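Here the structure is laid out as structure tokens; the discussion comes afterwards.
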Amino acid sequence: MGYSLDNSRTTIVMDTLLNVRVAATTGTHVLHVKSWGNQGAPCVTNITVTIAAPGAASAALAVTPVTDVTVGAPANGATVTSPFSLVAGGTQCSSQSIGAMGYSFDNSSNTTFVTGQSVSAQVTSATGSHTLHVKSWGPNGAACDTDIAINVVAPAPTASGPTIPSNAIAVKGIQKLLWKADFDAGTILDAGATASASSSGVTVPVIAPTLSGSARQFVTTYADYGGERYYANIGADTAATNFVYDAYIYLQSPINDIANVEMDMNQVLANGQTVIFGFQCDGWSQTWDYTANTGSSPTSYKNQWLHTNQTCNPKKWSTNAWHHVQVSYSRDNSGNVTYKSVWLDGVEQDVNITANSVFALGWGSSLITNLQIDGMTALPGTAIVFLDNVTIYRW
């Protein structure tokens, strides 16, 4: 991080937190607070400050507690539903080591206390605009307060969702498993024979934003319409014929570079062939799409995306918010997949399409779930996406 005043040189601090005293002449200045990502991304927040004469400033300094508490979530000005995740931490309050933290709302005297230098909690609140006071205390009486403005809204109404029998096997918390990332060479063909599509991706567990307390972040960089496929192995089952994909997806602003959000599952059968349950929100056609083998056989296969008559466009998803996606599908013993319905934020869209989707890929016995993010421009672009509460039901 770093900072500068007006047009002066930048002072750089090799840390993720600034806690420094800055000298300046009296008068009005623009303070540039700067940060850099580990791959070169620069960011600047500009603050207008007025420096008073020392005598006038001393009184204000005497009553303003200095705190280094950082609130990771919610962001200042965020719109959230109740309960929401509060993640905050720090080390000092008015030059004293923090021994306890807490939080309260508005003018309430009811403060929730937490021992230690961090707080991670699910907080319940009434709807409406509130000031969330994140507090810290030192051992010698220091008290500090960081205020966050939030707007708490009622959660979107949910439909009943897919019907899941009581004997279904549920693999939950899939976002916490080991995930890997690969460039999808198929995007070269999707973009055109002369295209040089490329992508790279990094995925890590995070505590904010989150619904469960542990979400997974996917940072994708691409060029020439490239796509990055992230995948996790969730076991093996050659007998199951019915599946429900259930996950929460969060698109971090901006999302101008995202073309498709793809959510797949692959099942290797007893004969070694693989059924691909492919489903995506297609920003090009603005439809939900599904995969099919349009070749002549599992060995002479052609994996192709086909459009449904149901609409979907990632660019119309609200950013910096969680979206609930549920997809219901089944297969027969010949590898014909019936895509039944998709629910987005509780609203059902009927698909009811059957297509052959079995491929001789030579894979070992496994069940694999994928998340793929595709780029929408020839120029290099980046997208940040989060997954949480990922569950796959099968029976």
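Does THR131 meet the test of being exposed (fewer than 15 other Cβ atoms within 10 Å of the Cβ), in contact with a strand residue (DSSP E or B) (Cβ under 7 Å, 6 or more places away or on another chain) and assigned to a strand (DSSP E or B)? I'd like the intermediate steps shown before the answer.
Values: exposed (fewer than 15 other Cβ atoms within 10 Å of the Cβ): yes; in contact with a strand residue (DSSP E or B) (Cβ under 7 Å, 6 or more places away or on another chain): yes; assigned to a strand (DSSP E or B): yes.
Against the criterion (exposed (fewer than 15 other Cβ atoms within 10 Å of the Cβ), in contact with a strand residue (DSSP E or B) (Cβ under 7 Å, 6 or more places away or on another chain) and assigned to a strand (DSSP E or B)), THR131 qualifies.
Collect the residues in region 285-317 that are part of a loop (DSSP other than H, G, I, E, B), under 23 Å from ASP345 (Cβ atoms) and free of Cβ contacts under 8 Å to residues at least 60 places away in the same chain, keeping them in residue-number order.
First, pick out the residues of region 285-317 that are part of a loop (DSSP other than H, G, I, E, B): 285-286, 294-302, 312-313, 317.
Those still in the list that are under 23 Å from ASP345 (Cβ atoms) too: 285-286, 312-313, 317.
Selection gives SER285, GLN286, CYS312, ASN313.
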Next on the checklist: I'd like to check something: does region 76-97 contain any residue that is in contact with a strand residue (DSSP E or B) (Cβ under 7 Å, 6 or more places away or on another chain), at pLDDT below 85 and surrounded by 13 or more Cβ atoms within 10 Å (Cβ to Cβ)?
Outcome noted: no
Item to check | region 29-46 residues that are in the same structural domain as ILE384 (by TED's automatic domain parsing) and surrounded by 10 or more Cβ atoms within 10 Å (Cβ to Cβ), paired with ones that are modelled with pLDDT of 80 or more and of a type in the set (Ser, Thr, Tyr) (beta carbon under 9 Å, 6 or more apart) | outcome: none
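Is it fair to say ALA126 is within 28 Å of GLN252 (Cβ to Cβ) and part of a loop (DSSP other than H, G, I, E, B)? Working first, answer last.
Numbers: within 28 Å of GLN252 (Cβ to Cβ): yes; part of a loop (DSSP other than H, G, I, E, B): yes.
Taking the combined requirement at face value, the residue satisfies it.
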Checklist entry - Quick check: is even one residue across region 322-342 surrounded by 20 or more Cβ atoms within 10 Å (Cβ to Cβ) and not in a strand (DSSP E or B)? => result yes
Checklist entry - With respect to the numbered conditions (1) modelled with pLDDT of 95 or more; (2) out of contact with any Lys or Arg (no Cβ under 6 Å at 6 or more places or on another chain), which one is the sole condition not fulfilled by GLN175? => result (2)
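Of everything in region 237-271, what is part of a loop (DSSP other than H, G, I, E, B) and of a type in the set (S, T, N, Q)? Give them in sequence order.
Going residue by residue through region 237-271, those that are part of a loop (DSSP other than H, G, I, E, B) are 237-241, 252-257, 269-271.
If the condition is that a residue be part of a loop (DSSP other than H, G, I, E, B) and of a type in the set (S, T, N, Q), then THR238, THR241, GLN252, SER253, ASN256, ASN271 are the ones that fit.
The values are calculated or read from the model by the stated rules, or taken from the named source; none is laboratory data. The model shown is predicted, which means the values in this text are computed figures rather than measured ones. Every residue, glycine among them, receives a Cβ derived from its backbone with ideal geometry; neighbour counts consider all protein chains shown.
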